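First the structure, in the form of structure tokens, and then the observations on it.
The values are calculated or read from the model by the stated rules, or taken from the named source; none is laboratory data. Please read all numbers here as calculations on a predicted model, not as lab measurements. Every residue, glycine among them, receives a Cβ derived from its backbone with ideal geometry; neighbour counts consider all protein chains shown.
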């Protein structure tokens, strides 16, 4: 298993843990405590920094296939993340504007939610894409 796959599995594990923890805190203690579960997920954004490994002489850290998979996963994640960001902006705007026609802005506490939705969609899509693309490759080292 290469470094990208390990990071992808760890990202999905962090997301699942944070989602379950946030849901449990939300149901038990209310909405204010659910932010703790989301804070756990934010730690997952630092996973690429933890997995950095220096290249020693003669060792191949990644090859062309690994770079291609990382590029495709990053592009797919960016597309889904940006579209999620736009969708959340439009949904929150339409929900916020529907009852009050005289209000021209939303509360500022919605801004982290909007940004977090896009980042979350990016990292989750990237992790799933990496796992799918590595799963489609040759199993025994042959093309």
> Which condition number in (1) assigned by TED's automatic domain parsing to the domain that holds residue 7; (2) closer than 27 Å to residue 7 by Cα; (3) at pLDDT 70 or above is the one that residue 27 fails?
Replying inline: (2)
> Considering only region 73-93, how many residues are modelled with pLDDT of 80 or more and loosely packed, with under 15 Cβ neighbours inside 10 Å?
Replying inline: 8
> Can we say residue 132 is more than 12 Å from the chain's Cα centre (by Cα), in the same structural domain as residue 67 (by TED's automatic domain parsing) and at pLDDT below 85?
Replying inline: no
